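One structure below.
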Amino acid sequence: MDISLAGKTAIITGGSLGLGLATAEAFYQAGGRVALLARRREPLEEARAKILALEAPDGAQAATFPCDVTDAAQVQATHAEVVAKLGDVDILVNNAGQSATRPFESITDEDWQADIDLKLFAAIRLSRLVWPHMKTQRWGRIINLLNVFAKAPGANTAPTSVSRAAGMALSKVMASEGAPHNILVNAMLIGFIKSDQIRRMFDASDGSQSFEAFVATAGSRLPMGRMGEAPEAANLALFLASEAASYITGCAINMDGGLSKVV
């Protein structure tokens, strides 16, 4: 299957590391014009250099836009900058966020609000900004990266499980409203994918293993016997962003190597 994003502009939040960077690389190599959003400029520029070192068709572009997606004014201003530089946005990947989990009774109001602002309101605001163009041209793709706790939360998984479940409901609402306009909205529910988030888990461990051994040990407990790789998740995002996925919307797809017990 030959997947092309030629002529398409995509925003990817959390685009400087991990799954966001892998997705940006895949979109760029498919010929897309890719806008990487993240808070810090230096990691963004490092990510852009990695992307531009890849082979890509003529017309592929990669540009960086420092943005705190929890700040409504910054989100609006950054969207305007992306449109001015790369054109109206055809594809949005809402990837910003990290797994924040702790015992329920220890989660403060401020913790709840910060998690909801980062993982839910950022997606709402950006989706609302790109929606009119997608609706006018009768073509759009929105992909919300969530995690498996959205379907099957357990003990000590809040606030992430709650904000991600809200993101899954948001995806379904937008998919239902977008379908008549050919705006397709799907969610990817991530399990254990080797990325910067796994690196943070390793950094918080007791240090008795190397990173490679830590990943191998954790992966051995999963049904497939290994952690996923970021490019594997990016392949799914690329498919969902393309014309090849032209009749898929309103889905919450597990990207977890069989971890979740919920389909």
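The values are calculated or read from the model by the stated rules, or taken from the named source; none is laboratory data. Computed from a prediction, not measured in an experiment: that's the story for all the values here. Cβ: placed from backbone, ideal geometry, glycine included. Neighbour counts: every protein chain shown.
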Looking for whichever is out of contact with any strand residue (DSSP E or B) (no Cβ under 7 Å at 6 or more places or on another chain), acidic (Asp, Glu), in contact (Cβ under 8 Å) with a residue 24 or more places away in the chain and under 27 Å from PRO132 (Cα atoms) here; the options are ASP90, ASP68. Which one fits? ASP68
Among the residues of segment 151-164, count how many are over 15 Å from the mean Cα position of the chain (by Cα) and basic (Lys, Arg). 1
For ALA24, state whether it is surrounded by 14 or more Cβ atoms within 10 Å (Cβ to Cβ) and in contact with a Phe, Trp or Tyr (Cβ under 7 Å, 6 or more places away or on another chain). no
Go through GLY167, GLY228, GLY250 for me and flag whichever is modelled with pLDDT of 95 or more, at positive phi and within 17 Å of the chain's Cα centre (by Cα). GLY250
I'd like to check something: does segment 16-28 contain any residue that is at pLDDT 95 or above, in a loop (DSSP other than H, G, I, E, B), over 27 Å from ASP115 (Cα atoms) and hydrophobic (A, V, I, L, M, F, W, C)? no
Give, as residue ranges, the helices (runs of 4 or more DSSP H) completely inside segment 146-263 that count at least 1 residues that are among the aliphatic types (A, V, I, L, M) and within 26 Å of THR9 (Cα to Cα). 160-178, 230-241
Here are some conditions: (1) crowded, with 17+ Cβ neighbours inside 10 Å; (2) farther than 16 Å from THR101 by Cα; (3) β-branched (Val, Ile, Thr); (4) more than 15 Å from the chain's Cα centre (by Cα). VAL173 meets all but one. Which one does it not meet? (1)
Suppose we filter GLU212, GLU243 for residues that are surrounded by fewer than 18 Cβ atoms within 10 Å (Cβ to Cβ), within 21 Å of LEU17 (Cβ to Cβ) and either modelled with pLDDT of 95 or more or not hydrophobic (A, V, I, L, M, F, W, C) (or both); which single one remains? GLU212
Restricting to segment 178-220, name every residue that is over 21 Å from SER99 (Cβ atoms) and among the β-branched types (Val, Ile, Thr). ILE183, VAL185
Report, by residue number, each residue of segment 97-116 that is in contact with a helix residue (DSSP H, G or I) (Cβ under 9 Å, 6 or more places away or on another chain) and at pLDDT 95 or above. ILE107, TRP112, ASP115, ILE116
